[in-house]
Amino acid sequence: MGQTCGEAMKSVAFFTNKGGVGKTTLLCNLAAFLALEHGKKILVVDADPQTNATQYMFPDPVVEEIYNNKASYTINSVALPLSKGKGYSTNHIFLRSPHFGVDVLLGDPRFALVEDVLASDWSASNVRGLRTTFMFRQFLQSCSAYDYVFFDMGPSLGSINRAVLIGCDHFLIPISIDIFSIRATENISSWLGEWKKKLVRDLEYISDSEDLEVDDTSWKLQLLGYVSQQYTAKKDASGQRRAVKAYEKIMHQIPASISQGIVQEHQKEPAGLEYELGTIPNLHSLIPMSQTQKKPLFALKSADGIVGSHFTRVGRAHENYAAIAKRFEENLEAFR
């Protein structure tokens with residue numbers, strides 16, 4: 001597994017300014033599909049202090065052991081030396097998820113305390129401020145062995161998420177089919193514009209960029225696409241499954257919202273890019289079963305409690321993630 005010649009690692013943040021949209025479920029299952037079905041080498045960075053990705057991908061005893069052992073290497077271990085003025089951390093340690101087939105930089109509730117440090121340093125507009133701002137850009141320089149690095153994030157527009165987004169090549173928006181998710185894209189667009197302006201302005205005042213220890217300080221972030229989720233689907237007259245009318249009406253608003261709110265404002269758009277990576281209808285009881293078994297949705301079997309109509313839903317989940325993974329890689333290729 002790994003990169004083919006000439007293909008550099010790509011980092012992707014899974015982000016939207018709205019909670020409860022199924023972001024962590026989408027990230028973990030897409031990462032697993034690309035790893036298990038496409039043979040990609042993937043690192044998942046759990047940058048959400050709620051640590052949902054870590055808890056999803058590891059058995060409960062492992063998670064308990066991690067958090068009972070204060071010496072465990074987590075995302076907080078990456079941030080702590082920098083927050084104390086000791087420079088960037090090195091010799092990162094990742095843990096392999098047994099069923100998802102990916103490496104993980106474990107999440108940590110203590111990481112929430114880094115929010116204040118990052119916010120203060122961002123306001124300082126000096127070398128130290130930029131060094132902490134580029135924390136994840138510098139971290140990603142040590143991840144060249146991976147094909148993709150995925151960042152799980154909380155729904156805020158705070159300083160942690162700002163540092164993640166400034167560090168990454170791309171971001172992917174999980175959208176639940178409701179009017180609030182559409183409004184969230186407008187917030188994202190406004191804040192991206194402000195962050196980019198300030199970053200460019202602050203960099204102009206740095207006399208020696210080598211002090212930052214970052215190879216590339218340019219703004220790289222580009223939207224890779226979005227995935228519509230959590231809607232009710234039924235078969236139409238032709239036998240095709242599609243969103244019921246109440247959801248379908250909102251779904252039709254999403255492309256224009258993405259185009260007007262983000263694409264026209266921030267993208268260096270490759271010709272013919274299709275931003276809708278795919279859709280995932282409500283999978284109902286499969287979600288808690290997947291979380292309990294610590295396995296991807298599409299890999300659940302009878303031994304995991306799958307019976308009757310559940311097998312059909314597992315098959316659909318596989319189809320959904322296969323389509324999303326295909327479009328995901330096609331869009332990445334368009335940006336190369």
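The values are calculated or read from the model by the stated rules, or taken from the named source; none is laboratory data. Quick caveat: nothing in here was measured; it's all calculated off a predicted structure. No Cβ is skipped: glycine too gets one built from the backbone with ideal geometry, and neighbour counts run over all protein chains shown. Side chains are part of the model used for accessible areas, which takes the heavy atoms of the whole protein and leaves out ligands, DNA and RNA. Shrake-Rupley method; radii C 1.70, N 1.55, O 1.52, S 1.80 Å.
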Arrange the residues ARG183, ARG313 by how much accessible surface each exposes, largest first, with a 1.4 angstrom probe. ARG183, ARG313
Test of understanding: extend the Cα→C-beta vector of GLU210 to 7 Å, then name every residue of region 70-110 with backbone N under 20 Å from that spot. 87-88
Percent of beta bridges antiparallel (DSSP, the chain, rounded to nearest 5): 15 percent
Which value, in debye to the nearest 20, gives the size of the charge dipole of the chain about its Cα centre, when Lys and Arg are +1 and Asp and Glu are -1 at the Cβ? 880 debye
Can you compute 3J(HN,Hα) from phi for each residue in region 211-222, using the Karplus curve 6.51 cos²θ - 1.76 cosθ + 1.60 with θ = phi - 60°, rounded to whole Hz and x for Gly and Pro? 5, 7, 6, 10, 5, 9, 9, 6, 6, 10, 4, 9
Anything over 20 Å Cα to Cα? Flag those among LYS41/LYS220; LYS86/LYS198; LYS40/LYS326, in the order listed. LYS41/LYS220; LYS86/LYS198
Sorted by accessible surface (1.4 Å probe, heavy atoms of the protein chains only), largest first, LYS301, LYS220 come out as LYS301, LYS220
Taking all protein chains in place and a 1.4 Å probe, what share, in percent, of the accessible surface of region 32-73 do carbon and sulfur account for? 44 percent
Would you grab the residues whose amide H sits under 5 Å from the one on LYS40? Only those 5+ places off in sequence or on another chain, please, with H modelled 1.01 Å from N. ALA35
Distant alpha-carbon pairs in the chain (separation over 25 angstrom), percent: 52 percent
Stretched out fully, how many nm does the piece from SER156 to ALA8 gain, at 0.36 nm a residue minus the Cα gap? 50.4 nm
Using the Karplus curve 6.51 cos²θ - 1.76 cosθ + 1.60 with θ = phi - 60°, what ³J(HN,Hα) values do you get for each residue of region 85-91, in whole Hz, with x for Gly and Pro? x, 9, x, 6, 6, 9, 6
Using modelled amide H (1.01 Å from N, peptide plane; none on Pro or chain starts), what sits under 5 Å from the amide H of SER176, excluding residues fewer than 5 places away? GLN229
On a 0 to 90 degree scale, rounded to 10, what angle separates helix 179-204 from the longest Cα axis of the chain? 20 degrees
Computed lengthening from SER72 to ALA124, 0.36 nm per intervening residue step minus Cα-Cα distance: 15.6 nm
Taking Cα pairs under 8 Å and at least six residues apart, what relative contact order does the chain come out at, in percent? 22 percent
Among 150-162, 57-69, how do they line up from the highest to the lowest mean number of other beta-carbon atoms within 10 Å? 150-162, 57-69
For LYS197, go through the aspartates and glutamates and keep the ones whose alpha-carbon is under 16 Å away, minus same-chain ones fewer than eight residues off. GLU265
Going through LYS84/LYS294; LYS23/LYS294; LYS84/LYS268 one by one, the pairs whose alpha carbons sit over 26 Å apart turn out to be LYS84/LYS294; LYS84/LYS268
The set of residues whose placed amide H lies less than 5 Å from the amide H of GLN222, leaving out same-chain residues fewer than 5 positions away, is HIS170, PHE171
